[in-house]
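Student: Quick one: the structure is below, questions incoming.
The values are calculated or read from the model by the stated rules, or taken from the named source; none is laboratory data. In this text, all values refer to a predicted model and were calculated from it rather than measured experimentally. All Cβ positions, glycine included, derive from the backbone under ideal geometry; neighbour counts span all protein chains shown.
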Amino acid sequence: MSDDRALGEAEWVYESIVRSVPGINTSRSVALVAQLLGFEAAILVLAIWYDLPQAAVAGTVAVLVSVAGSAFMLGLSRVIRREDAPPAYRQLLFGSHIEIVLGLMAFFALVVYVFVHDPRQGGESLLTAVLGDRPPAAFTFLLLVVSWDVMYRIGVGWWASLVGLWRTYCYGDDLPYETCTRLRRLDAATIGFAAFQLIFLPLLVGHPLLQAAVVGHAVAVAAVSGLSVLLLR
């Protein structure tokens, strides 16, 4: 993705990976469209091939959340790179890569639930409901890739929310009004991305633990980033 930054400066791992691919130097909008069309095409082809319409629905919802997360991440990094935000905030947000750890924790928790906990509960498991009694290996792999994509972006949302509150607490009183306004918008975008993930809820009917996790996550992000918004006023 093309941008006006020095290499490695204030960027997510996602951005650095895309930028490192030879021959890739495209705009954010093109990258987002490519992500949407690439994943969605693969989902639909496999759904048609294996006759799994329910997997197409679940996969499409996950792809939409993933692309929304990419847009959120790119918008966040663009504003912070061009804004007079505190250097310590920029370094902590992008330099620690804690979002990867948080994303991995969420992904591993999902895998344990789907493949270990849920099948022991009796009744139709989430895996069976989405991929049938004999899940195709290729489709299972693709959905795991998309799931990781989603969980990584959820980790970014958690980290952006926590670091945003820390930034406001430490530096909020010293920032210019215009900077505070832009940072409030970033906090609002963090809340918005978490709220958008509630579209998973209809897919999780019959799985109250996952529904509670999605709702609890959205509420927690809204509380932390909402407090940051209030303190920036």
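Student: Hey, among the residues in the stretch 65-117 that are closer than 24 Å to ARG185 by Cβ and of a type in the set (Phe, Trp, Tyr), which one's modelled with the highest pLDDT?
Tutor: This residue is PHE72.
Student: Working carefully through the options VAL33, VAL61, VAL130, VAL45, find the one that is at pLDDT below 95 and either under 16 Å from PHE200 (Cα atoms) or among the β-branched types (Val, Ile, Thr) (or both).
Tutor: Sole residue among the options that is at pLDDT below 95 and either under 16 Å from PHE200 (Cα atoms) or among the β-branched types (Val, Ile, Thr) (or both): VAL33.
Student: For the stretch 39-59, give me each residue that is among the β-branched types (Val, Ile, Thr) and in contact with a helix residue (DSSP H, G or I) (Cβ under 6 Å, 6 or more places away or on another chain).
Tutor: ILE43
Student: With the structure loaded, tell me whether GLN91 is polar (S, T, N, Q) and farther than 21 Å from ALA194 by Cβ or whether it fails that test.
Tutor: It is true that GLN91 is polar (S, T, N, Q) and farther than 21 Å from ALA194 by Cβ.
Student: List the pairs whose first member sits in the stretch 31-51 and is free of Cβ contacts under 8 Å to residues at least 12 places away in the same chain and at positive phi, whose second member is part of a helix (DSSP H, G or I) and surrounded by 12 or more Cβ atoms within 10 Å (Cβ to Cβ), and whose Cβ atoms are under 8 Å apart, counting only residues at least 6 apart or on separate chains?
Tutor: none
Student: Which members of the stretch 121-166 meet the condition of being touching a helix residue (DSSP H, G or I) at 6+ places or on another chain (Cβ under 9 Å) and among the small types (Gly, Ala, Ser)?
Tutor: Listed by number, the residues that qualify are SER125, ALA129, GLY132, ALA138, SER147, GLY155, GLY157, ALA160, SER161, GLY164.
Student: The conditions are (1) small (Gly, Ala, Ser); (2) over 18 Å from ALA55 (Cα atoms); (3) in contact (Cβ under 8 Å) with a residue 60 or more places away in the chain; (4) in a helix (DSSP H, G or I), and GLY123 fails exactly one of them. Which is it?
Tutor: Just one mismatch for GLY123, condition (4).
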